[in-house]
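Remarks on the structure that follows.
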Amino acid sequence: MAAPVNSVGKPSAERPPFNSTSFQKKTRSKLISIPGTRPSVQNGQLLVSTGVTSLDYLLGGGLAVGTVLLIEEDRFDSYSRMILKYFLAEGVVCRHELFVASAQDNPDDILQELPAPILDDVAIHKPVEQPRLSCEPQDNLDAMKIAWRYQNLPKVQSALASSSRFGHYYDVSKTMEPEIRQAAKCHRFYLPEHPTQSSTTHSRMIESYSALLKSLQEVIHREGFDLSTPMSMSRNILRVGLHSLGSALWNDDLSCHDDPMHSHALTTFLYGLRALLRSSLSVAVVTVPSHLIQDRALMGNITRLCDNAIALESFKGSERETNPLYKDYHGLLHVRQVPHLNCLASQLPDHKDLAFKLKRKQFSIERLHLPPDLSETVSRVSRGELAGAAAVASACGSGTSGNKHLDF
């Protein structure tokens, strides 16, 4: 198309700037920069660390902001409580604000038990072993001990870790120093300090859960965690830790009767909790004593109302505690549900047989694998089966005097 006539005679200085194309360079959207967070590689969702690096790996890199992680407690509430303390300790180190709610223990007592953070140089430093020379004949004999059918199998990597580090390391044998713990801002909800009154109106949510949800909502709006807050203000993350919901201490009969009166109280609370977190810069970890809930269909509804769900099965007090096959582990971990955020299909973990162990200073989640049986006399048949077969053979051949073979 020809240029307009009125612009031909104009000097070059008076002509408007000439654009060769109408396309503009695409720039990335400006992400929220908050200490202790990073965007997800899969869907761009803002992530925070749970404090356990192996659990972050299972959840796709971390816990997404605005989601709920459900932890089905073990029978003695030892390891689920420890993961909750890891989650809160990571918030203290990252300068996030905390909201701790409990009906059994005072939140101050839970905060005093937070594990101490480990310095980076101490956590990463590992002594380098000197390579041994393979010219010695004894080394060749040790290398030939393994059976031929196991030689071509790939080496099992039991540790769960990603290439990029996220989060911090903690020492469970020590507690966090009071100066570090008191520097973080914490909001507490202790149910005995919030007396609930019996409501005359019919409600699907009991008073204890209603007071908890109201208190959390007030903190989110007052402290500026709501997404409606202007972006000019400094942003931070609110970490919510709710301990042992669904127990009788919360005035909930869900774990006391086969046909509870308040069967929909916890599910109604989770509806409100998830809606509140979706519109705020908050993330929650909820523990539930699932082994006390008799209605498995109701437990399935509770799981589906959360974005992430894991279950801890401790070996303490069971037959597996003395089983030599599980001597290196303290329990099994089951992944019940993974999040579906900004994607049609969620990223499933590549390994489903998972176990956890509590070392002297660290809690870790690993792939469960059993070592091959390398004994010289027993390969696939156990010693008990061999003893039983020998007893049957001696009984059948009792009539034959000294003959090793049966005489039919």
Scan around Y170 for amide H atoms under 5 Å from its own, H built in the peptide plane at 1.01 Å from N, and keep only partners 5 or more places away or cross-chain.
I118
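Over 31 Å between Cα atoms: which of K85/K316; K174/K214; K185/K352 fall into that group? Each step should come with its number before you reach the end.
Numbers: K85/K316 20 Å; K174/K214 35 Å; K185/K352 37 Å.
The pairs that break the limit, which is 31 Å between Cα atoms, are K174/K214; K185/K352.
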Just how much of I302 is accessible, in Å², when a 1.4 Å probe is used and the result is rounded to the nearest 10?
0
Under 5 Å, built H, 5+ apart or other chain: amide partners of L98
K185, C186, H187, R239
Just to confirm my numbers, what's the Cα centroid distance between the stretch 224-303 and the stretch 38-110 in Å?
14
In a Debye calculation with equal point scatterers on the alpha-carbon sites of the stretch 272-342 and no solvent, what is log10 I(q)/I(0) at q = 0.20 Å⁻¹?
-0.95
Express the accessible area of the stretch 204-314 per residue in Å², computed with a 1.4 Å probe while the remaining protein chains stay in the model.
40
What does a probe at E113 reach in the stretch 68-96, counting residues whose amide N is under 15 Å from the point 7 Å along Cα→Cβ?
73-89
Taking a cut-off of 14 Å, what percent of all Cα-Cα pairs in the stretch 221-269 are separated by more than that?
62
For a quick check of understanding: with a 1.4 angstrom probe and all protein chains in place, what accessible area in square angstrom does K316 have, to the nearest ten?
90
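The values are calculated or read from the model by the stated rules, or taken from the named source; none is laboratory data. Note that this is a predicted model, so its numbers are computed, not measured. Using ideal geometry, Cβ is built from the backbone for each residue, glycine included, and neighbour counts are taken over all protein chains shown. Side chains are part of the model used for accessible areas, which takes the heavy atoms of the whole protein and leaves out ligands, DNA and RNA. Shrake-Rupley method; radii C 1.70, N 1.55, O 1.52, S 1.80 Å.
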